[in-house]
Each structure stands twice: as structure tokens, then as C-alpha cells.
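One structure is given here, and the rest of the page talks about it.
What follows draws every value from the coordinates through simple rules; no lab data is involved. The model shown is predicted, which means the values in this text are computed figures rather than measured ones. All Cβ positions, glycine included, derive from the backbone under ideal geometry; neighbour counts span all protein chains shown.
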Amino acid sequence: MKTGRDKSVIDFVERNFEVHGEFEGVVYHEKRNGEQEKYPYQPVSYYQKTALTIRNEVIRRFAAMVSNPRESDYSSVIKKLNYYTPYILPCGQQKFLGETVFYVRERGDYEFRWQGMPMGFVRTVAGRTQVELSFHAEGEFELEIYFQGELYCSRSFIISSGDLEIAYNAWLSANLEHVLSLPEPQYESLKTYRRGMRSKVNWLQALTGKFHEEVVYDIPDYSYKDQKHQNPWLYHRRKYNHAANPQTQYFNNKIIEIGQNWQTLSQNQRDNWNTQAARNKKQKLTGFNLYTRKNVM
């Protein structure tokens, strides 16, 4: 049950802000038809380590090595890595989301052909359709997807019984330069699901700062398809303890390991890292910074 104070806060926010996302135990959501809806928030673990999340993590680590996510060329880098990096998977069944794996933007009949074979199977696929594929043997396989008689996209799969993260790191290390030299795939980006608050009134267009457990700050570069001039989006969150997060635990343990390994290097080795770091004057790295960046994956 909400206290009087909590209800007054909710009333104030709903009256003065357009809310997207979770706020005070309620999810505010805009449906595709533009209508607003809200429903109780039922938290679930957002992170589960699967074959597909491992691929996503490794790709983003490599993308961050090539370009800063805040730079304009990062979009091209991440598109190429997402499209050209194969899916390295164990044997068994796997479900793939139409809009993220096969770049489906229009519901229709798509034909799936394995390795250029003249026969295939046709299935009606929409953006949120889960396409299930089964892999029964190790090897490398190519899947071509046709739409309206033309090649729409192609997907590569490597089926392996080994460690997936090691396999992705090895493949990207060996093929990164080649992938970045390939043409940028042409597909329409997914609509951004905005999360935050936008003021409905002029006197609350730039509310930012921290108070107790609340954090609110503006998002000047929030992107979405319509380029109309609108009030700025505000991001709201509460302080969160990340200690139990698997990614946080991995990062903390890795940093300790890197620091210990650095201490075992000879002076000549450290000088070599410092020399390499000094060549990139723009980033102003130390040898230890560069060593950490190369080994944090």
C-alpha cells in the first residue's frame, strides 16, 4: 500500500511528466497505436548467460576497442560486427528473434535456404516471431533468407562443443580487420524504446540532480525516428547495488588479476607497454591503461 507521500509523488509525476518505463512499482508503456498503458512491475533477472548473450557481450567489447560508443562511427562498427560475426552455438535447438537476428522489419513469407541449396522452407515471420532452428552436428553452416524472390540477408553458424566465449574472442581477433573492411549492411534500425520522463510543462524542462536515493539527469542525445522539437528526456533511476551482478563480479575479479599480472612484468616489458600507449596521444593512456584494455576481455 502506498503512503500518502508516495501517492502525492506519483500524482505529481503523472500530472507533469510523460513517463516511459518503471516508476514506483508501475510500468508506463506506449503501445504501437500510440495509446498509453500502465501495469504493475514484476521484476525478473534481466541477465541470463546464454549462447546469444555471450555473442552480444563479446561483440560489444570488440566494438568498444575499435570506436567509442559516443563517436559517430560507432554505429557503423556495431552494425558490421552484428551482421558479419557468426553465431557460435552448441548442438541443440535455439530460438532466434526475427527482428534482431534476421532483420525482419516487415511481416511476410520468408524462405530459408541452407548453404545455397535449391530447396528450403517458407515461413511467415514478423519482427517478434521466434524462429526455432535445430543443430545436430558440429561444423560451419550458412543460412540464406529470401524475401519476395530476392536475397534478404545471410547468417553464419559455427556449431561447436568448446567454450563459446573463447571461440568468439578467437574468431573476432582473427577476422576483425576483414569484417571492418566489408560494406555496412543496409537495414532499418529498430525503433528506440524510450525509458525516462519528459516534462509536459515549461517550468520543468530541465530537472536534474540527485536527492537521497533518486537520480535524475537529462539525455540530450536521446535518438528516436521523429525529429520534432520536443522537451528533453530525463532519465530517472535509483541507486542500485551491483555487487551480485555476474558482470560486475567478473569485472572486479578480472581487474584484480590484471593488477597482479602487471606486477610480474619486467621493467622492459612495462616500458614497452608505456611506449605503445604514448603513440596514441589523443587518448592519453598509460602503459597500465593499455595493458588493462587489452586483457580485460
| field | Summed side-chain charge close to V66 - residues other than V66 whose Cβ falls under 14 Å, Lys, Arg +1, Asp, Glu -1 | value | +3
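Considering only DSSP beta bridges with both partners in segment 70-157, what is the antiparallel share in %, to the nearest 5? The partial results should precede the final answer.
Working: 23 of 24 bridges.
Here the antiparallel bridges make up roughly 95 percent for segment 70-157.
For a quick check of your reading of the filter: which trypsin sites (Lys or Arg not before Pro) in segment 14-71 sit in a DSSP loop and have no more than 16 other Cβ atoms within 10 Å? If you can, show how the numbers build up before the last one.
Numbers: sites: R15, K31, R32, K38, K49, R55, R60, R61, R70; in loops: K31, R32, K49, R70.
For trypsin sites (Lys or Arg not before Pro) across segment 14-71 that sit outside H, G, I, E and B with at most 16 neighbouring Cβ atoms in 10 Å, the list reads K31, R32, K49, R70.
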| said: Relative contact order of segment 246-295, please, whole-number percent, based on alpha carbon pairs below 8 angstrom and at least 6 residues apart. | reply: 31
| task | Could you run the Karplus curve 6.51 cos²θ - 1.76 cosθ + 1.60 with θ = phi - 60° over segment 89-104 and give me ³J(HN,Hα) per residue in whole Hz, x for Gly and Pro? | result | 9, x, 5, x, 8, 9, 9, 10, 7, x, 6, 9, 9, 10, 6, 6
| note | A correct Karplus calculation of ³J(HN,Hα) over segment 249-258, with 6.51 cos²θ - 1.76 cosθ + 1.60, θ = phi - 60°, whole Hz and x for Gly and Pro, returns 4, 4, 5, 4, 5, 5, 5, 4, 4, 5
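Quick check on segment 75-116: take the gyration tensor over C-alpha atoms, sort the square-rooted eigenvalues as a ≥ b ≥ c, and tell me if it's rounded (a/c under 1.5), prolate or oblate. Mind dumping the intermediate values first?
Numbers: a/c = 1.68, a/b = 1.08, b/c = 1.57.
It is oblate, given that a/c is not under 1.5 and a/b is not larger than b/c.
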| said: How would segment 43-136 be classified by its alpha-carbon gyration tensor: rounded, prolate or oblate, with rounded meaning a/c under 1.5 and the a/b versus b/c comparison settling the rest? | reply: prolate
| said: Only counting other Cβ atoms within 10 Å, I'd like M65, M197 sorted with the fewest neighbours first. | reply: M65, M197
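List V66, V296, V19, V122 from most exposed to least, where exposure is judged by having the fewest other Cβ atoms within 10 Å. Provide the component values of the computation, followed by the final result.
Working: V66 18, V296 14, V19 24, V122 10.
Starting with the residue having the fewest Cβ neighbours, the order is V122, V296, V66, V19.
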